[in-house]
Amino acid sequence: MSELWLDITDIPATGREFSFSDQALWAESIAEFSLPYRLDLPETGLTAEFSVTPQGRGFLLVGGLRGTLVTPCDRCAEDVVLTVETSFDLYEETPLETEETLEPGLIRRRGKILELDAGSLLWEQFLLALPVKPLCDDDCPGLCPQCGKRLTDGPCGCETVEGDPRLSVLRNLKVPRGSN
């Protein structure tokens, strides 16, 4: 995952805005985790903007992520242009100078300097914004399990398989409804 640490030590009480449009930030992490997403088309790209505002013992992180990327359809493997648009607001506590934690947060202390792990923040928000099952169309019929033809283009002509012949007696089984 792309590392991107921001110095947030001297952020004013009104906060500070950050903006990211460098596609390498996303492309490196996509390649590192071998994900099927691409940012190589002219209409694809991601941008992120967020503000960091001091709040008590921590920082309020408010922002959003938007753009488009290409991925294969989960049923037919054709390219799908996904639109990503999400917003987030998080509160991260500042670790104390003597505090040892087992779970790393988005903010780390290096001496007197406080740093925000913007790379992890943006990558996490990116992953949360993605659909679990990207489809080219909600009614995509997928591929023929026998010949592999895209069923969106029409029937393939393969013989329909009735299933395992050993279970054929169950095809005629009638289950009464409402018998609870």
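Some points to look at:
- The smallest convex shape that holds all Cα atoms of the chain, its convex hull, gives 245 Å³ per residue.
- Spatially proximal lysines relative to K133 (Cα-Cα < 29 Å; intrachain offsets below 8 disregarded): K149
- Taking label positions 7 Å along the Cα-Cβ direction at both K112 and L60, the computed distance is 2.8 nm, reported to one decimal.
- Sequence ranges 162-169, 113-120, 88-95, ranked by mean other-Cβ count within 10 angstrom, highest first: 113-120, 88-95, 162-169
- Note on the chain: GNM, Cα springs under 10 Å; of L82, L35, L130, the largest mean-square fluctuation is that of L35.
- Measuring nothing but how far apart in sequence close Cα pairs (under 8 Å, 6+ apart) lie, relative to its length, the range 5-129 scores a relative contact order of 26 percent.
- Placing +1 on the Cβ of every Lys and Arg and -1 on the Cβ of every Asp and Glu, with nothing else charged, gives the range 5-129 a dipole about its Cα centre of roughly 180 debye.
- Length added when fully stretched, K133-E85, from 0.36 nm per residue minus Cα-Cα: 15.6 nm
Readers should treat all values here as calculations from the given coordinates under stated rules, not as data from a laboratory. Just so it is clear, the model here is predicted, and its values are computed rather than measured. Every residue, glycine as well, gets a Cβ built from its backbone with ideal geometry; the counts of neighbours run over all protein chains shown.
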